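For reference, the structure is listed below as structure tokens.
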């Protein structure tokens with residue numbers, strides 16, 4: 001009896017163990033599939049983000065085209081040229097900017113005391129936690145004080161650690177104020193004993209960029225040797241136009257917003273471009289190339305880099321002058337030599353672009369960064385040669401969102417740190433910061449700002465991220481609908497309306513230029529028959545562009561939707577007074593420039609009809625922001641598929 005009972009217990013234990021292993025294996029497989037779906041969603045977000053940045057950099061070619069046709073453009077649209085050639089306010093205009101602004105007694109926000117102290121940092125943080133807005137008077141004072149202090153710095157900050165003092169490095173924050181608050185809560189506020197390096201991209205995308213910028217600049221002014229600010233590729237006024245910071249400033253500071261933007265441009269120009277820790281660790285925003293020359297970068301006049309996206313001013317022999325705005329806003333001739341003195345040489349400019357825009361990759365060598373359209377990809381061999389040449393041990397950079405907030409590559413010689421959690425979508429990624437200690441000891445700290453939705457099960461969070469990623473991918477597809485259909489039909493020689501998986505994937509990649517796992521994503525994008533053939537027109541069955549004018553040709557609507565971000569930037573350059581309105585003449589001037597450079601050709605009567613119908617006030621002017629809002633994408637789906645919300 002005893003032996004039989006023992007045998008039964010042993011068998012029951014074995015069965016329980018087998019069952020536990022089955023459940024464990026199932027759960028591991030299930031979790032792995034969820035992580036794969038999450039990784040694919042992040043790949044979509046990142047590919048489209050880089051494609052947008054590539055479009056942004058290509059605007060530089062547009063401005064080059066415009067400036068090369070300077071005479072013609074100036075005759076047609078003087079304000080556009082004036083905006084491109086205008087310079088930020090000089091120091092002597094500080095009184096004009098700040099002296100005439102009163103802070104009313106009714107203002108309930110923080111009141112800063114100059115010279116600033118630690119108390120002002122604390123007051124600012126507490127006020128921003130309560131979502132208060134800093135008065136424009138204080139914003140401008142901080143900007144002018146920061147510019148004055150930044151002008152005293154070298155191109156590369158230098159800082160030393162010691163056994164009792166680590167240095168904290170933060171990557172991109174992108175206007176995510178709660179992430180900065182969480183870093184300070186976990187790591188402490190900046191001080192002489194707790195130094196920080198903020199490695200660029202403080203602004204854009206998030207809704208609290210000005211608050212982050214004010215906290216960082218005030219901290220820098222209080223602790224100029226212990227709060228070090230590196231310039232990122234988003235510390236650029238043209239990037240701000242596309243990615244939201246300009247709009248945030250004008251929304252929060254309706255009266256003095258333009259002044260703030262003008263002074264901010266010069267603050268950007270004086271930001272250092274890197275930091276060196278203990279003569280061993282180089283901290284820069286993007287990366288390096290095979291031609292990166294630290295000695296040259298330490299000598300260049302960084303304030304001449306007004307914008308990475310703004311091409312150097314061409315000087316033509318036939319008239320030998322350029323236009324420059326003086327304080328009164330009047331135009332006067334400037335000698336060609338003076339114009340040239342206001343900009344970096346081509347090889348110096350390229351050096352700065354590389355360190356702001358480049359990304360590391362596992363492949364050896366140095367080759368063009370085709371995803372972003374600027375900077376380069378650099379391999380482990382490039383890193384080793386660079387570090388050996390300058391007797392460095394490590395490169396710490398930011399610039400790329402990483403699922404875990406950081407990533408180590410190139411045999412531990414390159415580290416990426418990214419501090420904006422939930423960057424693409426809530427739950428999409430963690431943020432991180434690094435503490436560099438004496439003797440190059442590194443400690444990584446991860447976090448994620450959590451909302452109520454983050455308490456949901458993993459599969460629900462993955463569904464949300466995946467749904468959002470598929471949605472923006474479908475929007476990209478609808479913006480190229482005509483080109484995609486032409487590519488599909490070219491492959492569909494039998495006119496069957498169907499393609500093989502490989503033909504469909506080839507067409508998608510060729511037209512959209514996004515390096516994505518199309519076969520894996522196909523179940524979310526198209527319908528497939530029992531033989532595995534794809535009904536390619538099903539790409540567009542659940543999404544379309546809302547037409548503001550029904551009679552206008554679909555191809556024109558599609559083109560306007562595809563280039564809406566570029567057109568908005570060009571419009572904002574024209575709209576130098578930020579009124580939000582342009583005349584019909586200005587609209588046609590902008591369209592002709594755009595049309596000539598992008599080789600987009602439509603009959604004039606179609607563009608005229610569209611512009612006239614968008615003259616909402618019937619006064620000969622167009623609210624261009626409202627004009628672009630009329631082109632929005634209508635989705636006919638709320639969920640991806642039943643399989644996305646099940647546990648099987």
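The values are calculated or read from the model by the stated rules, or taken from the named source; none is laboratory data. Keep in mind it's a predicted model, so treat the numbers as computed, not measured. Here the Cβ is made from the backbone with ideal geometry for all residues, glycine too, and neighbour counts use every protein chain on show.
Key figures for this structure:
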item: Within the range 174-211, considering residues that are more than 20 Å from the chain's Cα centre (by Cα) and touching a residue at least 60 places away in the same chain (Cβ under 8 Å), the one farthest from residue 163 (Cα to Cα); result: 182
item: Of all residues making up the range 498-543, the number that are over 16 Å from residue 487 (Cα atoms), surrounded by 15 or more Cβ atoms within 10 Å (Cβ to Cβ) and within 33 Å of the chain's Cα centre (by Cα); result: 6
item: Test: residue in the range 193-202 that is over 18 Å from residue 224 (Cα atoms), at pLDDT 95 or above and buried (at least 17 other Cβ atoms within 10 Å of the Cβ); result: yes
item: Hey, residue 438 part of a strand (DSSP E or B), in the same structural domain as residue 199 (by TED's automatic domain parsing), out of contact with any helix residue (DSSP H, G or I) (no Cβ under 9 Å at 6 or more places or on another chain) and modelled with pLDDT under 95 or not; result: no
item: Residues (within 27 Å of the chain's Cα centre (by Cα) and either in contact (Cβ under 8 Å) with a residue 24 or more places away in the chain or crowded, with 21+ Cβ neighbours inside 10 Å (or both)) located in the range 122-137; result: 124, 125, 128, 129, 132, 133, 134, 135, 136
item: Residues satisfying the stated conditions in the range 513-540, i.e. under 19 Å from residue 561 (Cβ atoms) and touching a residue at least 60 places away in the same chain (Cβ under 8 Å); result: 513, 514, 539, 540
item: Residue that is over 22 Å from the mean Cα position of the chain (by Cα) and modelled with pLDDT under 75, where the choices are 380, 314; result: 314
item: Any hit, the range 266-287, residues being over 30 Å from residue 144 (Cβ atoms), out of contact with any strand residue (DSSP E or B) (no Cβ under 7 Å at 6 or more places or on another chain), at pLDDT 95 or above and crowded, with 20+ Cβ neighbours inside 10 Å; result: no
item: Among the candidates 534, 569, 582, residue that is closer than 30 Å to residue 44 by Cβ and modelled with pLDDT under 90; result: 569
item: Test: residue 382 is buried (at least 20 other Cβ atoms within 10 Å of the Cβ), farther than 23 Å from residue 205 by Cα, in the same structural domain as residue 167 (by TED's automatic domain parsing) and without any contact (Cβ under 8 Å) to a residue 40 or more places away in the chain; result: no
item: Residue match in the range 403-412 (condition: in contact with a helix residue (DSSP H, G or I) (Cβ under 7 Å, 6 or more places away or on another chain), buried (at least 21 other Cβ atoms within 10 Å of the Cβ) and either in the same structural domain as residue 380 (by TED's automatic domain parsing) or over 27 Å from residue 366 (Cβ atoms) (or both)); result: no
item: Listing of helices (runs of 4 or more DSSP H) fully contained in the range 106-197 that carry 1 or more residues being in the same structural domain as residue 215 (by TED's automatic domain parsing) and closer than 22 Å to residue 273 by Cα; result: 136-150, 177-187
item: Residues of the range 354-376 that turn out to be closer than 17 Å to residue 417 by Cα and outside any helix (DSSP H, G or I), as a count; result: 4
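Residue-by-condition table, conditions (1) at pLDDT below 90; (2) loosely packed, with under 14 Cβ neighbours inside 10 Å; (3) not in a loop (DSSP other than H, G, I, E, B):
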{"position": "422", "(1), (2), (3)": "no, no, no"}
{"position": "434", "(1), (2), (3)": "no, no, yes"}
{"position": "465", "(1), (2), (3)": "yes, no, yes"}
{"position": "471", "(1), (2), (3)": "yes, no, yes"}
{"position": "475", "(1), (2), (3)": "yes, no, yes"}
{"position": "478", "(1), (2), (3)": "yes, no, yes"}
